[in-house]
1. Quote the FRET efficiency, to the nearest 0.05, computed for residue 8 versus residue 48 with a Förster distance R0 of 22 Å and r equal to the Cβ-Cβ distance.
2. Calculate one ³J(HN,Hα) per residue across segment 82-90 by plugging θ = phi - 60° into the Karplus curve 6.51 cos²θ - 1.76 cosθ + 1.60, and present them in order as whole Hz with x for glycine and proline.
3. Towards the positive end of the charge dipole of the chain, with charges on Cβ (+1 Lys, Arg; -1 Asp, Glu), say which of 145, 115, 202 has the farthest Cα.
4. Once phi is turned into ³J(HN,Hα) by the Karplus curve 6.51 cos²θ - 1.76 cosθ + 1.60 with θ = phi - 60°, what whole-Hz value does each residue of segment 219-225 show in order, with x for glycine and proline?
5. Report the local net charge at residue 195: Lys and Arg +1, Asp and Glu -1, summed over other residues whose C-beta lies under 9 Å from its C-beta.
6. Considering only the other residues whose Cβ falls under 12 Å of the Cβ of residue 111, what net charge follows from Lys and Arg at +1 and Asp and Glu at -1?
7. Return the Cα extents of segment 44-104 along principal axes one, two and three, sorted largest first, each rounded to a whole Å.
8. In sequence order, what are the phi-derived ³J(HN,Hα) couplings for segment 202-207 according to the Karplus relation 6.51 cos²θ - 1.76 cosθ + 1.60 with θ = phi - 60°, rounded to whole Hz, with x for glycine and proline?
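The values are calculated or read from the model by the stated rules, or taken from the named source; none is laboratory data. Note that this is a predicted model, so its numbers are computed, not measured. Neighbour counts run over all protein chains shown; Cβ positions are idealised from the backbone, glycine included. Only protein heavy atoms, including side chains, enter the accessible area calculation; ligands, DNA and RNA are left aside. Shrake-Rupley method; radii C 1.70, N 1.55, O 1.52, S 1.80 Å.
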Amino acid sequence: MNAGRTARERARAELTEEIKGAARRQLATVGAEALSLRAVSRELGMVSSALYRYFPSRDDLLTALIIDAYDALGTAAESAAGGDDLLAEWVAIYAAVRDWARAHPHEYALIYGSPISGYKAPQTTVEPAIRVPLLLLGLLQRAQVSGQLAPPVDAPEPSGLLAQQIEVLVTLAPEVPPAVLLRTMITWTQLFGMISFELFGQLVGSMDPADEFFESTSREMAAFVGLR
């Protein structure tokens, strides 16, 4: 009986992955807005009622794809972490994030592109979504403790509402000065803004190809937060 249940669970897991694979192919052809459970079921030769037992709605399927994309990105970034040279690690994380985005442009667009009409991401997407910023915060925490972080003297201390918002980051990296935490948020948004510019064709005619521009900027951002 236990073996039978295990086989059923394995079969369910395999079919779940097949469904998500078909959905990712839809992302590449019609985009997230037009993602359709019926089209996925047709591709797999399933009746739609059977597919609904795996994903009751389009939003459930989107959520699964979003979590997978964030986790894949987080894994790629984390694979670049490690070592004693924290500046080199910072640059490597930037490069790993860019490499993943270029290899998976449609999944990148799913999580960092235009919002999907009528879709509201549930709380379950938050933890996967913050893996990259947590990685950068952890690096700066290590840099502060090891004396490799020198906060720029001109970095203003956040105040008012901004100071309250930064408090969330203080709990995650208590050794890092608030002014550096604010700059970390700036570098995080800059990283994905730069990748979006490249993927969505905004650098054509200027910084294209963007390899040297990207590496130079990653080092500039490291200096911006005081990493040495």
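1. Numbers: r = 21 Å, r/R0 = 0.97.
That pair, residue 8 with residue 48, gives E of 0.55.
2. For segment 82-90, the Karplus curve yields x, x, 8, 8, 6, 5, 5, 5, 4 Hz.
3. Of the candidates, 115 comes out farthest on the positive side.
4. 6, 4, 5, 5, 5, 4, 8
5. Numbers: positive: 98, 102; negative: 198.
Result for the neighbourhood of residue 195: +1.
6. Working: positive: 131; negative: 68, 71, 107.
Net charge around residue 111: -2.
7. 54, 18, 15
8. These are the phi-based 3J(HN,Hα) values: 7, 9, 4, x, 10, 9 Hz.
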